[in-house]
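Working notes, structure below.
Readers should treat all values here as calculations from the given coordinates under stated rules, not as data from a laboratory. Everything numeric here is computed off the predicted structure, so don't read it as measured data. A quick note on method: Cβ atoms are made from the backbone with ideal geometry, for glycine too, and the neighbour counts reach across all protein chains shown.
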2 protein chains.
Amino acid sequence: MKNLKIIGYGKDKGNKIIQFDNNIRHRMDETQSHYTMSVNAVEQALLVAECTIDDMDLIVYASAVGYQPIPCSASLILEKFEPKKPIPCMDINTTCTSFITALDTISYMVHDGRYNRVLILSAETASLGINPDQKESYELFSDGAAAIIVEKDETAESGVMFGMWQTWTQGAHNTEIRGGLSSLHPRHYTKENKAEYLFDMNGPKILRLVAKKIPEFVQQLEKEIGMTLGDIDLIIPHQASRALPVIMKKLGVKEGKYMNHVEEYGNMIAASVPYLLCLALEENRIKKGNTVLLFGTAAGLTISGLLIKI
Amino acid sequence: MKNLKIIGYGKDKGNKIIQFDNNIRHRMDETQSHYTMSVNAVEQALLVAECTIDDMDLIVYASAVGYQPIPCSASLILEKFEPKKPIPCMDINTTCTSFITALDTISYMVHDGRYNRVLILSAETASLGINPDQKESYELFSDGAAAIIVEKDETAESGVMFGMWQTWTQGAHNTEIRGGLSSLHPRHYTKENKAEYLFDMNGPKILRLVAKKIPEFVQQLEKEIGMTLGDIDLIIPHQASRALPVIMKKLGVKEGKYMNHVEEYGNMIAASVPYLLCLALEENRIKKGNTVLLFGTAAGLTISGLLIKI
């Protein structure tokens, strides 16, 4: 086990409430931005941890889409907190599973003693990139941010027990934003090609690939951890779509053993998993000693699982 | 020491040669792209390593600017190689020092046995983002890509000896591309604000901050590693600017002890350091047992040093 414990958590979401049938979505209003939501989430996390920014040893921004192309988003957000010491900043990106990957990756550095306290921030503003012509994704996403602070656990009671992620590149083009960076520079933006700069999701194709690959992944995961999904106290899955209960049922996970807030919060891209982790901690849904599986699919197609002990 | 050794390396650069006084710059021609340079670098690295893509356990794309906003660039490049197994993909970004950060970060995972063989790719197409109105940066950058494959070194003779990076956020706005992602979506692109989507560098401001912070950083680094820069066999610095020899002289590093190819290759953003690492290996400038310091500054402002033993 890589020893670390969660000592702070904070979140923010879009203030504007939009409803599609029974589904509530939270989108930024005119007073909000990627930046304000990020800052609010970090401020709350520091408050809960009873820390200042200078108690942090590393800042990781873990999201699909950054704030600016240059510099890294971690440094742009950190600037707001006017640190008195130089804190290393980095961005980690595996799209929707970025938070899971970041926690997995930095757990090795924390365990090893390289960094004692790490702040991981996921912030996403899906509303900027959704395409009204694609009803399924247009009605799915919310804007949100969540920050988690972890610290080396000297008692060795809490930590990351096991991590695994896999990328199936036959799904690389099933969920895309093609325009904005090197492949298609913003200078090429026109009214005719504007959809290239928006989220493009082929729902049926993803579902077919996910339906095939998730059971294989879970089988391997269960073997590696020596537990079944049913043995785990709580599963926090990425809120990928309204198909979540169907997938969980297929995997044999009972209602109540996993968090499903798709109707309430929608898909916040990489912010979904840490947002629900905050919620679970706030509501005392998970307690010291509990096992929690962070689990999700991402564009790529990536499937990711991280078993932690609280 | 985190045990790993370099088993493969490959690179590519822009075919179009442009000259500014004595400075040669390599920019993509119409047959090239971010994608083709990436693929060529990876193909070469696999050839040198005598591996196929399925021998890799993790793919890391380590660059300032990605190929597309979604999915992560690692999966988009990996797709080309049609892997038969699912290889985890991730992007790591600290702008110009992304390769250094990626090698530093994954060295913990390799040492621990999580991944045996990792491919790290840096690819940058600066020519897409430079602003002709900013002569200094317009004449500085080249396009290029470099890939390095590392493997766990069971003999424990080679590896990452020490890593350290710091971000001074007072420099966060000295080097920027503001437009393209969440802060300024491509839909807002106009002829009037087009510079917002291009690289914006305040050279004098950076140099002032760098001149102040680099000596402090190096002093701390030397203390931590118990060596002076002069004791290290070769320093591979980021090719940040033509001021490189001035900075190196100030740090007391003699000519011949560090790689300076700014005139020949320019600044390839995150690809500079691995590109020169490839060159040093190709030309047998470094041999088994040598100590090499990967060193650089990045937008952020980040300063990064990674001492490796070949």
Requested in this report: May I ask you to report, in nm to one decimal and beginning with the shortest, the distances from residue B:23 to the same position in the other copies, taking label points 7 Å along Cα-to-Cβ?
Outcome: 5.1
Query raised in the report: Taking the DSSP beta bridges in the protein assembly as shown as the whole, what percent of them are antiparallel, to the nearest 5?
Result: 75 percent
Query raised in the report: Hey, for residue B:157 with labels 7 Å out along Cα-Cβ, what do the inter-copy distances come to in nm, ordered shortest first?
Result: 4.6
Query raised in the report: Pick from B:87, B:100, B:148: which residue has the top mean-square fluctuation in a GNM of chain B where Cα pairs under 10 Å get a spring?
Result: B:87
**Report entry** Net lengthening on full extension, residue B:228/residue B:191 (0.36 nm per residue, minus Cα-Cα)
**Finding:** 8.3 nm
Query raised in the report: In peptide A:104-112, how many Cβ atoms from other protein chains are near each Cβ within 10 Å, on average?
Result: 4
Query raised in the report: If we hang a label 7 Å off Cα along the beta carbon direction at residue A:215, how far is it from the matching labels on the other copies, in nm, shortest first?
Result: 6.7
Query raised in the report: What aspartates and glutamates sit close enough to residue A:205 to cross-link, taking a C-alpha to C-alpha distance under 19 Å and skipping anything fewer than 8 places away on the same chain?
Result: A:133, A:136, A:139, A:176, A:196, A:216, B:79, B:82
Report task. Nearest 5 is fine: what % of DSSP beta bridges in chain A come out antiparallel, could you say? Result -> 75 percent
Report summary line: Quick calc, residue B:212 & residue A:261: beta-carbon distance into FRET formula, R0 60 Å, rounding 0.05, result 0.80
Report task. Determine the gain in length on full extension of the stretch residue A:288-residue A:24; use 0.36 nm per residue of separation and subtract their C-alpha separation, reporting nm with one decimal. Result -> 91.9 nm
Query - Charge dipole (debye, nearest 20) of the protein assembly as shown; +1 at Cβ of Lys and Arg, -1 at Cβ of Asp and Glu - result: 40 debye
Query - With at most 16 neighbouring Cβ atoms within 10 Å, loop GluC sites (Glu not before Pro) (DSSP) excluded, longest segment of chain B - result: B:51-153
Query - Average beta-carbon neighbours from other chains, 10 Å sphere, peptide B:287-300 - result: 2
**Report entry** Share antiparallel - DSSP beta bridges, segment B:2-156, percent rounded to 5
**Finding:** 70 percent
Query raised in the report: Other chains' Cβ within 10 Å of A:161-169 residues: what's the mean?
Result: 6
**Report entry** Pairwise centroid distance, computed over Cα atoms, of segment A:211-285 with segment A:1-59, Å
**Finding:** 20 Å
